[in-house]
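Here is the structure we will look at.
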Amino acid sequence: MIRSRLRQNLKKYRFIYLVLTALPSLLLSSIFIRLAIASYQAPLPQAILTLGGSPLRTKFTAQFAQRHPALDVWVSSGSPPKEARPIFRAAEISAKRVHLDYQAVDTLTNFTSLVDDFQRLGVRHVYLITSDFHMRRAKAIATLVFGSQGIAFTPIAIPTDQPPEPWLFALLDSGRALLWLSTGYTGASLNAYFSYDQLSNSL
């Protein structure tokens, strides 16, 4: 009788274990499917998103926007308006095209703070601009946050002389992105203890 109960418990826990191990694979599969659908429906980017972090990114974005005159530009927590707007003005980018957003406090919230706006505006594909050393983490987060909401992205890396960030940064923020997908909580308050953005040298 004891053995029978043990077998039943093992079967029950084995099922739970299989479900738990399958969930990440199912989640990632659904994200990649949504990314593929978004890329098919919007093969060309419909907007430009730049992750703040240095004036160089703003200047690069202004030049990039010159070559894509039909696209609006979002800069997430970049240079303050009194510095950013003259850069776009000098590049003859209409102020109507430029959206300076300062909700984000770190790389993850660069994405979570704007994803609803992009969905509301029907943006299914964006150019994603950031420094080359930061791109690995940005792509990991974009895959989870934007991909889960059916928004594709085309990465544009700004060349620098800095080495890529350690994989740990991408892994930690990917974990936070998964937490956001599950709970809506970004874990930004943890930056006081794990400030990986501060550990990266700004340009």
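Would you call residue 106 acidic (Asp, Glu) and closer than 25 Å to residue 162 by Cβ?
For residue 106, the condition - acidic (Asp, Glu) and closer than 25 Å to residue 162 by Cβ - is met.
Residue by residue through the range 175-189, note down the ones that are in a helix (DSSP H, G or I) and surrounded by fewer than 18 Cβ atoms within 10 Å (Cβ to Cβ).
Narrowing the range 175-189 to residues in a helix (DSSP H, G or I): 175-183, 188-189.
If the condition is that a residue be in a helix (DSSP H, G or I) and surrounded by fewer than 18 Cβ atoms within 10 Å (Cβ to Cβ), then 175, 178, 179, 181, 182, 183, 188, 189 are the ones that fit.
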*Residues in the range 46-65 that are surrounded by fewer than 23 Cβ atoms within 10 Å (Cβ to Cβ) and farther than 19 Å from residue 104 by Cα: how many?*
6
*Within the range 53-76, can you find the residues that are within 15 Å of residue 99 (Cα to Cα) and either assigned to a loop (DSSP other than H, G, I, E, B) or at pLDDT below 95 (or both)?*
69, 70, 71
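Can we say residue 18 is of a type in the set (A, V, I, L, M), out of contact with any helix residue (DSSP H, G or I) (no Cβ under 8 Å at 6 or more places or on another chain) and either at pLDDT 95 or above or over 13 Å from residue 153 (Cα atoms) (or both)? Talk me through it step by step, then tell me what you get.
Values: of a type in the set (A, V, I, L, M): yes; out of contact with any helix residue (DSSP H, G or I) (no Cβ under 8 Å at 6 or more places or on another chain): yes; either at pLDDT 95 or above or over 13 Å from residue 153 (Cα atoms) (or both): yes.
In short, yes.
One line per residue, one yes/no per condition, for (1) among the charged types (D, E, K, R); (2) modelled with pLDDT of 95 or more; (3) more than 21 Å from residue 72 (Cβ to Cβ):
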site	(1), (2), (3)
99	no, yes, no
114	no, yes, no
143	no, yes, yes
146	no, yes, no
169	no, no, yes
200	no, no, yes
*Output the number of the condition that residue 126 fails; it satisfies all remaining conditions of (1) within 30 Å of residue 37 (Cα to Cα); (2) aliphatic (A, V, I, L, M); (3) touching a helix residue (DSSP H, G or I) at 6+ places or on another chain (Cβ under 6 Å); (4) not in a helix (DSSP H, G or I).*
(3)
_Pair list, Cβ < 7 Å and 6+ apart or interchain, from the range 168-190 residues that are on the phi < 0 side of the Ramachandran plot and in contact (Cβ under 8 Å) with a residue 60 or more places away in the chain to residues that are part of a helix (DSSP H, G or I) and among the polar types (S, T, N, Q)_ = 173/107; 180/112; 181/148; 186/109; 186/112; 188/109
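For the range 79-110: of the residues being among the aliphatic types (A, V, I, L, M) and assigned to a loop (DSSP other than H, G, I, E, B), which is nearest to the chain's Cα centre (by Cα)? Outline the logic, then answer.
Applying the first criterion (among the aliphatic types (A, V, I, L, M)) to the range 79-110 yields 84, 87, 90-91, 93, 95, 98, 100, 104-105, 108.
Within this subset, residues satisfying the condition of being assigned to a loop (DSSP other than H, G, I, E, B) are 91, 93, 104-105.
Working: 91: 26, 93: 25, 104: 11, 105: 13 Å.
Here the answer is 104.
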*Does the range 115-122 contain any residue that is buried (at least 16 other Cβ atoms within 10 Å of the Cβ) and within 21 Å of the chain's Cα centre (by Cα)?*
yes
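The values are calculated or read from the model by the stated rules, or taken from the named source; none is laboratory data. This structure is a prediction, so every number in the text was calculated from the model and none was measured. Because the Cβ atoms are built from the backbone with ideal geometry, glycine has one as well, and the counts that use them run over all protein chains shown.
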